[in-house]
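S.K.: Encoded as structure tokens, here's the structure I'll be asking about.
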Amino acid sequence: MTDKKKLLRSLAGEAMDVPPVWLMRQAGRYLPEYRATRAQAGDFLSLCYNPELAAEVTLQPIRRFGFDASILFADILLIPQALGADLWFVTGEGPRLSTITDASGMAGMKTKDDIHETLNPIYETVKILAEELPKETTLIGFAGAPWTVATYMIAGRGTPDQAPAHALREGDPATFEALIDLITDATIEYLDMQVQAGAEVVKLFDSWAGSLKGEAFDKYALAPTKKIITELKSRHPDLPVIAFPREAGEKYIGFADAVGADCLAIDTSVDVTWAAQNLQVAGCVQGNLDPKLMVTGGEALASEARRIRDALKGGPHVFNLGHGITPDADPENVHILLDAIRS
Ligand code: 1CP
């Protein structure tokens, strides 16, 4: 047990006084070396599809901070592109995609077996990382969960309330479900290839899960996630999976068990004492420091980090933020955070 990597021990259910720590978006614009490598690549998508440079930006925060885990540098929107959607990024605004508004939009999509042609460079990045990461660092692969990915494919961009996706879901359920099924099947193949290339853990990001309520949540957030995890675990029985149904509220309860995840990632809105009582009983919990504290820093950051660590130390915990670190965060604050957690 002792030479097992720290993150894998937490995911296997071990409680520790000092939890493993990594940060969502730990490779990103708050780091000057990331901005330099992105400029070298030309733009964000060229960086994602350049295995040497994508591996380099993945390694940068590990070198600088010594996190316990490293997350592959890529994006959840590469799957839509691999399925045939147009994808580009508008500087200062975010992603843009071609839209799917009816059955004709689905007719232009490729199949799950066609995605590797586009995504092969991502598997190459994973292979480089599996070679180059320090032996104590766990490599996490990832994908978006089908609902979140569908919201971008339908609207063609990020949306505050996912209204276009809800409109298709309610107005043309056959097309909507065909899209969810296609993303689900493609995601299984994509993550399987990441694992074959060397990813030791996979995480599913369902960033917009919270906008699905009641039965719609069960059908379109929970069920596709369960299908992906069930199929991946049938192919890789020992693969740990982290699920992140962001802003799921009371739907967090029982979620990890229902989908077969080893760890439930929680957003900043969840009270950690409540999480210890209601969520950690089912297994590992990951979270949930407010990313704003990575901008403001100081003693407020250190004491909040210790409060979260201590509230969750009775059970398995992976320390992380409740959402991604923002470009205006100060890298020095990461040292404050790590000192607070590890001392
Ligand atoms: O300008 C830049 O350099 C691009 C900024 C950026 C980065 C660093 C984007 C554009 N994506 C990424 C990398 C990324 N995205 C990772 C890599 C690993 C890491 O965490 O270090 C991961 C895991 C993601 C996941 C991702 N992409 C999510 C899910 C998590 C979340 O933040 O909720 C989502 C929703 C996306 C879409 C996306 N990609 C990029 C942006 C700005 C967005 C959000 C768009 C929106 O506002 O809706």
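S.K.: Is it the case that some residue within region 160-169 is more than 16 Å from the ligand (Cβ to nearest atom) and charged (D, E, K, R)?
M.R.: The initial filter retains those residues of region 160-169 that are more than 16 Å from the ligand (Cβ to nearest atom), namely 167-169.
Keeping just the survivors that are charged (D, E, K, R) gives 169.
Yes; the residues of region 160-169 include at least one that is more than 16 Å from the ligand (Cβ to nearest atom) and charged (D, E, K, R).
S.K.: What pairs can you find where one residue is in region 249-275 and farther than 21 Å from Ala223 by Cβ, the other is in a loop (DSSP other than H, G, I, E, B) and among the β-branched types (Val, Ile, Thr), and their Cβ atoms are less than 7 Å apart, with a gap of 6+ or different chains?
M.R.: Ala275/Ile266
S.K.: Kindly establish whether Arg63 is at pLDDT 95 or above, more than 13 Å from the ligand (Cβ to nearest atom) and assigned to a helix (DSSP H, G or I). Working first, answer last.
M.R.: Numbers: at pLDDT 95 or above: yes; more than 13 Å from the ligand (Cβ to nearest atom): yes; assigned to a helix (DSSP H, G or I): yes.
Answer is yes for this residue.
S.K.: Okay, moving on. Of a type in the set (A, V, I, L, M) and touching a Phe, Trp or Tyr at 6+ places or on another chain (Cβ under 9 Å): which single residue out of Leu139, Leu77, Leu83 fits that description? Steps first, please.
M.R.: Working: Leu139 fails: touching a Phe, Trp or Tyr at 6+ places or on another chain (Cβ under 9 Å); Leu83 fails: touching a Phe, Trp or Tyr at 6+ places or on another chain (Cβ under 9 Å).
So the residue among Leu139, Leu77, Leu83 that is of a type in the set (A, V, I, L, M) and touching a Phe, Trp or Tyr at 6+ places or on another chain (Cβ under 9 Å) is Leu77.
S.K.: Now for a separate question. Considering every residue within region 35-49, establish whether at least one is within 30 Å of Pro316 (Cα to Cα) and aromatic (Phe, Trp, Tyr). Walk me through it before giving the result.
M.R.: Of all residues in region 35-49, those within 30 Å of Pro316 (Cα to Cα) come to none.
No: region 35-49 contains no residue that is within 30 Å of Pro316 (Cα to Cα) and aromatic (Phe, Trp, Tyr).
S.K.: Ala174: in contact (Cβ under 8 Å) with a residue 60 or more places away in the chain, open to solvent by 50 Å² or more (accessible area, probe 1.4 Å) and farther than 30 Å from Glu124 by Cβ, yes or no?
M.R.: Numbers: in contact (Cβ under 8 Å) with a residue 60 or more places away in the chain: yes; open to solvent by 50 Å² or more (accessible area, probe 1.4 Å): yes; farther than 30 Å from Glu124 by Cβ: yes.
Taking the combined requirement at face value, the residue satisfies it.
S.K.: With respect to Asp172, is the statement that it is within 23 Å of Gly287 (Cα to Cα) and of a type outside the set (A, V, I, L, M, F, W, C) true? Break it down stepwise before answering.
M.R.: Values: within 23 Å of Gly287 (Cα to Cα): no; of a type outside the set (A, V, I, L, M, F, W, C): yes.
Criteria not met by Asp172.
S.K.: Would you confirm whether any residue within region 30-43 is part of a loop (DSSP other than H, G, I, E, B) and surrounded by fewer than 21 Cβ atoms within 10 Å (Cβ to Cβ)?
M.R.: As a first pass, look at region 30-43 and keep what is part of a loop (DSSP other than H, G, I, E, B): 30-31, 42-43.
Retained after the next criterion (residues that are surrounded by fewer than 21 Cβ atoms within 10 Å (Cβ to Cβ)): 42-43.
Scanning region 30-43, I find at least one residue that is part of a loop (DSSP other than H, G, I, E, B) and surrounded by fewer than 21 Cβ atoms within 10 Å (Cβ to Cβ), so the answer is yes.
S.K.: In region 44-60, what count of residues is obtained for those that are within 12 Å of the ligand (Cβ to nearest atom) and either open to solvent by 30 Å² or more (accessible area, probe 1.4 Å) or more than 27 Å from Leu8 (Cα to Cα) (or both)?
M.R.: 4
S.K.: Now for a different question. Filter region 68-97 down to the residues that are open to solvent by 40 Å² or more (accessible area, probe 1.4 Å), more than 11 Å from the ligand (Cβ to nearest atom) and either part of a loop (DSSP other than H, G, I, E, B) or not polar (S, T, N, Q) (or both) and list them by number. Don't jump to the end; show me each part of the working.
M.R.: Within region 68-97, the subset open to solvent by 40 Å² or more (accessible area, probe 1.4 Å) is 81, 86, 88-93.
If we keep only those that are more than 11 Å from the ligand (Cβ to nearest atom) too, we end up with 81, 86, 88.
Listed by number, the residues that qualify are Asp86, Trp88.
S.K.: I want to confirm something. Restricting to region 312-343 and keeping residues that are aliphatic (A, V, I, L, M) and in contact with a strand residue (DSSP E or B) (Cβ under 9 Å, 6 or more places away or on another chain), which single residue is nearest to the ligand (Cβ to nearest atom)?
M.R.: Taking region 312-343 as the starting set, the residues that turn out to be aliphatic (A, V, I, L, M) are 312, 318, 321, 325, 329, 334, 336-338, 340-341.
Now restrict to residues that are in contact with a strand residue (DSSP E or B) (Cβ under 9 Å, 6 or more places away or on another chain): 312, 318, 321, 337-338, 341.
Values: Leu312: 21, Val318: 14, Leu321: 10, Leu337: 16, Leu338: 16, Ile341: 19 Å.
Restricting to residues being aliphatic (A, V, I, L, M) and in contact with a strand residue (DSSP E or B) (Cβ under 9 Å, 6 or more places away or on another chain), the top hit is Leu321.
S.K.: Also, quick follow-up: When region 323-343 is examined, which residues are found to be free of Cβ contacts under 8 Å to residues at least 60 places away in the same chain, crowded, with 17+ Cβ neighbours inside 10 Å and not in a helix (DSSP H, G or I)?
M.R.: The answer is none; no residue qualifies.
S.K.: Among (1) among the aliphatic types (A, V, I, L, M); (2) more than 28 Å from Asp290 (Cβ to Cβ); (3) more than 16 Å from the ligand (Cβ to nearest atom), which single condition is Ala41 missing?
M.R.: Looking at each condition in turn, Ala41 falls short on (3).
S.K.: Which condition breaks for Leu129 when tested against (1) open to solvent by less than 40 Å² (accessible area, probe 1.4 Å); (2) out of contact with any helix residue (DSSP H, G or I) (no Cβ under 6 Å at 6 or more places or on another chain)?
M.R.: Against the list (1) open to solvent by less than 40 Å² (accessible area, probe 1.4 Å); (2) out of contact with any helix residue (DSSP H, G or I) (no Cβ under 6 Å at 6 or more places or on another chain), Leu129 comes up short only on (2).
S.K.: If a residue must be in contact with a Phe, Trp or Tyr (Cβ under 9 Å, 6 or more places away or on another chain) and either under 21 Å from Leu264 (Cα atoms) or hydrophobic (A, V, I, L, M, F, W, C) (or both), how many such residues does region 191-200 contain?
M.R.: Qualifying residue count, region 191-200: 5.
S.K.: Working only within region 6-25, note down all residues that are under 15 Å from the mean Cα position of the chain (by Cα) and open to solvent by 40 Å² or more (accessible area, probe 1.4 Å). Spell out how you get there, then give the answer.
M.R.: So the first thing to find is which residues in region 6-25 are under 15 Å from the mean Cα position of the chain (by Cα), and the list is 21-25.
Selection gives Arg25 alone.
The values are calculated or read from the model by the stated rules, or taken from the named source; none is laboratory data. Here the structure is a predicted model, which means the values were calculated and not measured. FYI the Cβ positions are ideal-geometry reconstructions off the backbone, even for glycines, and counts take in every protein chain you see. Just so you know, the surface numbers come from the protein's heavy atoms only, side chains and all, with ligands and any DNA or RNA stripped out. Shrake-Rupley method; radii C 1.70, N 1.55, O 1.52, S 1.80 Å.
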